[in-house]
């Protein structure tokens with residue numbers, strides 16, 4: 001059994017930021033992640049909106065986060081599959097396949113993942129033409145035709161990135177205007193390799209061994225047609241990584257964890273930071289900010305409950 005003042009679930013920007021602030025507050029701190037450290041930004045080709053870096057690769061930025069955290073002696077436990085978690089008890093108990101962890105406070109920084117289309121063929125063709133990471137898989141589509149589904153920043157930015165490899169990139173959007181920032185939109189409109197399919201949704205993904213075509217419906221005319229593609233990249237939104245919570249915390253209708261301005265959840269000693277919480281903006285900078293706030297108040301909680309005898 002391993003005991004800590006605070007355990008941070010998730011090793012992305014929110015988790016590392018929380019770790020740095022917690023360790024600086026003299027808390028015995030650990031970060032647990034079900035994957036390798038770095039979180040979702042590790043898959044970003046480039047960031048242009050993180051202050052201090054006009055251009056920086058996502059993996060490079062997260063390496064810097066991790067190097068900073070390592071200076072404070074934070075214990076890291078990557079590739080730990082959580083089997084059970086008790087956030088109500090004091091101390092909090094986290095059981096993984098490898099060990100049992102106990103902590104006075106828990107900071108949840110598990111982030112979010114791409115929302116699935118939920119259509120026929122999507123699951124069957126994952127890794128065979130369906131991908132949720134253009135940076136990871138874009139190079140497989142050199143001189144091919146691909147489609148990106150969505151109209152937000154992620155969808156449009158990834159579509160632009162895919163033009164480095166693909167000869168043709170369709171952006172399929174259910175509305176007649178994009179939701180992406182204007183500067184991002186303009187890049188796509190100016191790219192001769194990108195073609196827009198407006199007012200449309202993908203109804204089915206077809207193929208034999210690999211993706212070959214999409215069945216598309218126009219939401220206004222209800223016309224159905226097929227579009228020949230070699231790959232499809234859905235970017236229609238995100239869902240929080242909260243399967244392990246099992247209803248222990250208050251969540252919004254989308255499943256994101258509700259917090260107050262201190263990042264405190266509905267349970268004492270439990271904080272949520274970054275993309276996993278209910279927030280109006282999900283960016284690396286806001287995740288890092290959340291982590292700092294959550295850790296400071298976790299430290300205050302530990303200090304205030306020093307005289308409390310936790311049941312072991």
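Read-outs throughout are calculated quantities, based only on the coordinates presented, and are distinct from any laboratory measurement. In this text the structure is predicted, and so the values were computed from the model without any measurement. Because the Cβ atoms are built from the backbone with ideal geometry, glycine has one as well, and the counts that use them run over all protein chains shown.
Between the helical axis of 58-70 and the longest alpha-carbon principal axis of the chain there is an angle of about 10 degrees.
Potential lengthening of the chain between residue 2 and residue 300 amounts to 105.1 nm, from the contour at 0.36 nm per residue minus the alpha-carbon distance. Applying 0.36 nm per residue to the separation of residue 99 and residue 266 and subtracting their alpha-carbon distance, the gain on full extension is 57.5 nm.
All C-alpha to C-alpha distances of the range 2-85, sorted into 5 Å bins beginning at zero, yield P(r) values of 3, 16, 25, 23, 16, 12, 4, 2, 0 percent in whole numbers. With each label modelled as a point 7 angstrom along the Cα→C-beta vector, the residue 246-residue 198 pair spans 5.0 nm. Using bins of 10 Å that start at zero, the share of Cα-Cα pairs per bin across the range 116-234 amounts to 15, 50, 32, 3, in whole %.
List the residues of the range 212-239 whose backbone N lies under 19 Å from a point placed 7 Å from the Cα of residue 164 along the Cα-to-Cβ direction. Only 231-235 fall inside the zone, counting backbone N under 19 Å. The range 1-41 and the range 115-161 have Cα centres separated by 31 Å. Compared with the dominant Cα axis of the chain, that is its longest principal axis, helix 284-304 is turned about 20°.
To the nearest 0.05, what FRET efficiency results for residue 208 and residue 176 with a Förster distance of 30 Å applied to their C-beta separation? So the FRET efficiency works out to roughly 0.35. Each label point was placed 7 Å from the Cα along the Cα-to-Cβ direction; for residue 183 and residue 128 their separation is 4.2 nm.
Would you mind getting me the FRET efficiency between residue 190 and residue 54? Use the beta-carbon distance for r and R0 = 22 Å, nearest 0.05.
0.60
Between residue 71 and residue 142, the C-beta separation translates, for a Förster distance of 51 Å, into a calculated FRET efficiency of about 0.80. Working note: Cα gyration tensor of the chain, eigenvalues times five, square-rooted, sorted largest first, giving semi-axes of 40, 20, 17 Å.
Extending 7 Å from Cα along the Cβ direction at residue 24 and again at residue 222 yields two label points whose distance is 5.9 nm. For the chain, the longest principal axis of the alpha carbon atoms and the long axis of helix 13-24 meet at an angle near 20°. Relative protection proxy for 50-58, 125-133, from highest mean packing down: 125-133, 50-58 (other beta-carbon atoms within 10 angstrom).
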